[in-house]
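Each value in this text was obtained by applying a stated rule to the coordinates, not by laboratory testing. Small disclaimer: the values here were computed from a predicted structure and weren't measured. In this analysis, Cβ positions are derived from the backbone assuming ideal geometry, glycine residues included, and neighbour counts consider all displayed protein chains.
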Amino acid sequence: MTDHSAEITHAEKDQRPLAASLLRGWRRKCPNCGAGPVLKGYLKVNDSCTVCREEFFHHRADDGPAYLTILIVGHLMAPMLHIVFVTWRPEPLTLFTIFAVGCVGLSLYLLPRLKGALIGFQWAKGMGGFGDT
Ligand SMILES: [Zn+2]
């Protein structure tokens, strides 16, 4: 009996579409139905979907979204800082102001979207508690 239910769980996990789950998560929607919000407020994760009742409380996003945000923002802004400085040589205070606002703005934009996408990834791959029925 236990082996049979484990096979069903494994088969269900294989049927979860990864690309659609990532896209729904990026839109901060439920990876299962794409309609209900996965986040309440800015970063707090709903315990379950308000539309399809899919449970999210056992996600393990942890520091993953912050790591990905720093990775992307750093790899975009560091070369741009170099290019802008070499090309236009702006005043230091102007350069600092533009890149400080740019880094903070891009980080605030990416963080909840990457958190949703990471939860969608975990849901699609059956990681953490998402694989249990
Ligand atoms: Zn849902």
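Tabulated data
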{"item": "Under 15 Å, Cα to Cα: Lys pairs in region 2-125, sequence gap 8 or more or different chains", "result": "6"}
{"item": "Isolated Cys residues of the chain, judged by Cβ distance under 4.7 Å to other cysteines", "result": "C103"}
{"item": "Candidates per trypsin sites (Lys or Arg not before Pro) in region 44-132, loop by DSSP, up to 14 other Cβ within 10 Å", "result": "R53, R60"}
{"item": "Loop sites in region 22-62: chymotrypsin sites (Phe, Trp or Tyr not before Pro), DSSP, at most 15 other Cβ within 10 Å", "result": "Y42, F57"}
{"item": "Calculated SAXS-style log₁₀ I(q)/I(0) at q = 0.18, 0.23 Å⁻¹ - region 58-133, Debye, Cα scatterers", "result": "-0.74, -0.97"}
{"item": "Within region 115-133, backbone nitrogen closer than 20 Å to the virtual label 7 Å beyond the Cα of D62 toward Cβ", "result": "115-132"}
{"item": "Euclidean distance between Cα centres, region 61-133 to region 14-51, Å", "result": "20 Å"}
{"item": "Distant-in-sequence amide H partners of G34 (H built 1.01 Å from N, under 5 Å)", "result": "none"}
{"item": "Förster radius 25 Å - calculated FRET efficiency between R27 and I83 (Cβ-Cβ, nearest 0.05)", "result": "0.20"}
{"item": "Helix 92-125 axis, angle to the chain major axis (alpha carbon atoms, nearest 10°)", "result": "10 degrees"}
{"item": "Helix 64-88 axis, angle to the chain major axis (alpha carbon atoms, nearest 10°)", "result": "20 degrees"}
{"item": "Mean Cα-pair separation over length for region 2-125, i.e. relative contact order, pairs under 8 Å, 6 or more apart, %", "result": "41 percent"}
{"item": "Cα principal axis extents for the chain, largest first, Å", "result": "70, 25, 21"}
